[in-house]
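Here, each number is a calculation from the coordinates, and none is a lab measurement. Because the structure is predicted, anything quoted here is derived from the model rather than measured. Note that we place each Cβ from the backbone using ideal geometry, even for glycine, and neighbour counts take in every protein chain shown.
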Amino acid sequence: MSTLICFALKEEAAPFHQIAAGRPGIFTIIGGIGRQNAEQAVRSFLPACSPQLVFTCGFAGGLNPDLKLGDVVFESDHRRNAFPQSPTELSDGDSWNLSLRNKLVAAGAKPATFFCTDRIATTVAEKKQLRAATGADAVEMESTAIHAVCREHGIPCVTVRVISDTADEALPLDFNALAKPDKNLDFGKLAWAIAKAPWKIGALRQLQKKTKFAAEQLAAVLAQIIIP
């Protein structure tokens, strides 16, 4: 089975790339942050290759306070936008879905619901508001667009993400204010923000360590379910 794995950032993808490099039938793209970038990246890729399964992967912010740093969470997009829970729920074409769900659970991933937003949830208050308004377990910025493109092409799509910051954790900077119009990080603005608040360097280094750990946890799960 040819499989496409979509990431927004190279930091999300790096550990999986190390594991999957050179494996036949496994394709990855790094599309950039946000729905518009993700949609453009997937649409550009599909004419050259028609994958049989697409994963939208990367970091997610925790909204459910039970989710911890490094927890891998998943949600499918197959008619009901949820995996069938038992064989009695299966309909034609659903058997692959239950099998994949079982593999994800066996690999340590947890079923979850996601909310796809246009901005990074940087504060605890914002995460609480999103949790109350949507009931979602985690927040991210690309999957809705990727699922929509896959539905157009009749390709099964699954969201598999890793918690990089928990519900009770604020990010050290407002990364929305440091973004370019295309939503990717403006490193000039980042450098200026650090220069104005050098005491945040320690927190940024801790965030870097946490995201590296989260990406490694995600790669470990993806390797178990994708690499034969």
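Can you give the FRET efficiency for Ala132 and Gln36, using 1/(1 + (r/R0)^6), R0 = 22 Å, r = Cβ-Cβ distance, to the nearest 0.05? List each step's numbers first, then the result.
Working: r = 27 Å, r/R0 = 1.24.
With a Förster radius of 22 Å, E is 0.20.
Which order results if Asp71, Asp66 are arranged by neighbouring Cβ count within 10 Å, fewest first?
Placing the least packed residue first, the sequence is Asp66, Asp71.
Sketch the reach of a paramagnetic label on Asn176 as a point 7 Å from Cα along Cα-to-Cβ, and name the residues of the stretch 1-34 whose backbone nitrogen lies under 17 Å away.
Zone members listed by number: 33-34.
Treating the stretch 98-228 as a set of equal point scatterers at the Cα positions, no solvent, please give the Debye-formula log₁₀ I(q)/I(0) at q = 0.10, 0.14, 0.15, 0.17 Å⁻¹.
After summing over all Cα pairs, the log10 values are -0.41, -0.80, -0.90, -1.11.
Return, in residue-number order, each cysteine of the chain whose C-beta is not under 4.7 Å from any other cysteine's C-beta.
Cys6, Cys49, Cys57, Cys116
Would you be so kind as to identify which of Leu104, Ile26, Ala133 lies farthest towards the positive end of the dipole of the chain, taking Lys and Arg as +1 and Asp and Glu as -1 on Cβ and the Cα centre as origin?
Farthest towards the positive end: Ile26.
Scanning the chain for trypsin sites (Lys or Arg not before Pro) in DSSP loops with at most 16 other Cβ atoms within 10 Å, what's the longest stretch left with none?
In short, 120-228.
Can you tell me the mean projection area, over all orientations, of the convex hull of the stretch 175-228's alpha carbons? Units nm², please.
Result: 5.0 nm².
Given the convex hull over the Cα atoms of the chain, what projected area results after averaging over all orientations, in nm²? Let's see the in-between values first.
Details: hull surface 50.6 nm².
Computed as one quarter of the Cα hull surface, the answer is 12.7 nm².
Against the longest principal axis of the chain, how steep is helix 143-153, in degrees 0 to 90 to the nearest 10, with axes from Cα atoms?
30
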